[in-house]
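As structure tokens, the structure follows; a few thoughts come after it.
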Amino acid sequence: MRESGVVVRRLGPTDCVTTWRAMQDFTAARDAHTPDEIWLTEHSPIYTLGLAGRSQHVLRDNGIPVVKVDRGGQVTYHGPGQLVLYTMFDLRRLRLGVRDMVRALESAVINWLGSYAIAAYGKPAAPGVYVHRDSVESKVAALGLKVRNACTYHGIAVNIAMDLAPYSDIDPCGFPGLAVTDLRALAIDHTVQSAGDALAPIVVREIVR
């Protein structure tokens, strides 16, 4: 389907590496007339390390594969119950900088959570979306982008209703001791599919102004 000219694809569960390669191929093949796209998916358990990712942030081997990818940022976890929203946008055409894109993605999640009276926020020095749960700062969405020829891929991962235990075996996003939460713990009832349906139009509105 399309939202304001952006193609939104609901992929269902996918393999992380296969989807990453497909994003690379899409970006390499696109031209100035290619519509921007959002891909909604979730992955089997996997840790991904960004371009500057350091292996010491993977604290122990728990059997979950670790893959080096070409986004920004350190280590994060993907698994069932997490909405991964991949964003293939032409920044030149949109007249946006990378920081603008990061802030737009954060703002979309912040505004969405705000509709549930959840006070979420971003942090300029540590991209992503955070909330306070039981007075503890906790990350609910991780963000990392790759820009090639002024076009983005990768995107933002929002924890919906997942097993958070694998986060205890890493320093999430490179920050030792960082707490991680999900929407279920915040008393928000969504599936990955319904969350994607709700969030994708908000993302488009924040980016395409």
Whose amide H sits under 5 Å from the amide H of residue 160, counting only residues 5 or more places off or on another chain, with H placed in the peptide plane? 82, 83, 183
With residue 64 itself left out, Lys, Arg at +1 and Asp, Glu at -1 over residues whose Cβ is under 13 Å from its Cβ give -2
Could you derive backbone 3J(HN,Hα) for the stretch 74-81 from the dihedral phi with the Karplus parameters 6.51, -1.76 and 1.60 (θ = phi - 60°), listing whole Hz in sequence and x where the residue is Gly or Pro? 9, 9, 9, 10, 10, x, x, x
In debye, nearest 20, what is the charge dipole magnitude of the chain about its Cα centre with +1 on Lys and Arg Cβ and -1 on Asp and Glu Cβ, if you could check? 640
For residue 68, go through the lysines and keep the ones whose alpha-carbon is under 24 Å away, minus same-chain ones fewer than eight residues off. 139, 146
Of all the accessible heavy-atom surface of the stretch 56-209, with the other protein chains kept in place and a 1.4 Å probe, what percent is carbon and sulfur? 53
State the dimensionless ratio Rg/Rh of the stretch 74-118 (Rg: radius of gyration of Cα atoms; Rh: Kirkwood radius). 1.04
Cα-based shape type of the stretch 51-162, given that a ≥ b ≥ c are square roots of the gyration tensor eigenvalues and the cut on a/c is 1.5: oblate
Ordering of 19-31, 169-181 by burial proxy (mean other Cβ atoms within 10 Å per residue, highest first): 169-181, 19-31
In the neighbourhood of residue 14 defined by beta carbon distances under 12 Å, the net charge of the other residues (Lys, Arg +1; Asp, Glu -1) is +1
Can you give me the Cα centroid spacing of the stretch 23-96 and the stretch 134-172 in angstrom? 10
Under 1.5 on a/c is rounded, so check that first for the stretch 96-209, then, if it is not, pick prolate when a/b is larger than b/c and oblate when it is not; a ≥ b ≥ c are the square roots of the alpha carbon gyration tensor eigenvalues. oblate
Translational diffusion coefficient of the chain at 20 °C, 1.002 mPa s, Stokes-Einstein with Kirkwood Rh over Cα pairs, in µm²/s as a whole number. 126
Area projected by the alpha carbon convex hull of the stretch 1-102, averaged over all directions, nm²: 7.4
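The values are calculated or read from the model by the stated rules, or taken from the named source; none is laboratory data. This one's a predicted model, so the numbers in the text were calculated from it and none came from an experiment. Positions of Cβ are generated from backbone atoms using ideal geometry, with glycine treated the same way; all protein chains shown enter the neighbour counts. With ligands, DNA and RNA removed, areas are computed over all heavy atoms of the protein, side chains included. Shrake-Rupley method; radii C 1.70, N 1.55, O 1.52, S 1.80 Å.
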